[in-house]
1. Taking into account only those residues within segment 45-56 that are crowded, with 16+ Cβ neighbours inside 10 Å and touching a Pro at 6+ places or on another chain (Cβ under 8 Å), which is nearest to Val110 (Cα to Cα)?
2. Just for segment 86-127: of the residues that are surrounded by fewer than 17 Cβ atoms within 10 Å (Cβ to Cβ) and among the aliphatic types (A, V, I, L, M), which one is farthest from Asp155 (Cα to Cα)?
3. Of all residues in segment 57-69, which are under 15 Å from the mean Cα position of the chain (by Cα) and surrounded by fewer than 17 Cβ atoms within 10 Å (Cβ to Cβ)?
4. Failed condition for Val80, given (1) of a type in the set (A, V, I, L, M, F, W, C); (2) over 14 Å from His45 (Cβ atoms); (3) buried (at least 22 other Cβ atoms within 10 Å of the Cβ), with all others met?
5. Please name all residue pairs, on different chains or six or more residues apart, with Cβ atoms under 7 Å, provided the first residue is in segment 144-157 and is closer than 15 Å to Ser36 by Cβ and the second residue is of a type in the set (Lys, Arg) and part of a loop (DSSP other than H, G, I, E, B).
Amino acid sequence: MKIIALFVTIFCLTSISFGQDLFKERIRKLSSNKTSIYIEKGIFHNGGVKVQSSLKSLRQSYNPKQGFERIVMDFSTNQVPKIYGHISSDDKKLYLDIFETTLAKDFKSVPSTRFIEKVNFFPIESNHLSLDLKLKGKVSADIFYLENPGRLVIDLKN
């Protein structure tokens, strides 16, 4: 029994020491328009309402004049569902949790983009969708949402 308790203690301490300390991260509320404030790390949310939605598509465009790539997530509702996210440019990751949302049956996605290597989808529960965007390198992001129809917009640049 003592060996099990020792193992659990060591495991917990190791997990704590190597885990991310999100308390040091700044928490930002997303705007409903482009701010041109690019962030490399931090936690963000839209303060959204609970609305049953589905993610219809993930599309991409690149604007060489302005130097950013735009990723747009289209939702089936006029409002964007509740979203929490975390960006870590050092880890080359952008994480999104989208509540009360499922993937549409005819969902369309882009496999790889200028700044995104891969997008992983994790339907955690029947109404909770998590996304993991693996970035190709260090980037900064301007993240905002639009309504009528509901869209989450992520502008990425070096």
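1. Ser53
2. My answer is Ile124.
3. Passing the criteria: Ser57, Arg59.
4. (2)
5. Phe144/Lys34
Only the coordinates and a few stated rules stand behind these numbers; no lab work does. Predicted model only: the values in this text are computed from it and were never measured. All Cβ positions, glycine included, derive from the backbone under ideal geometry; neighbour counts span all protein chains shown.
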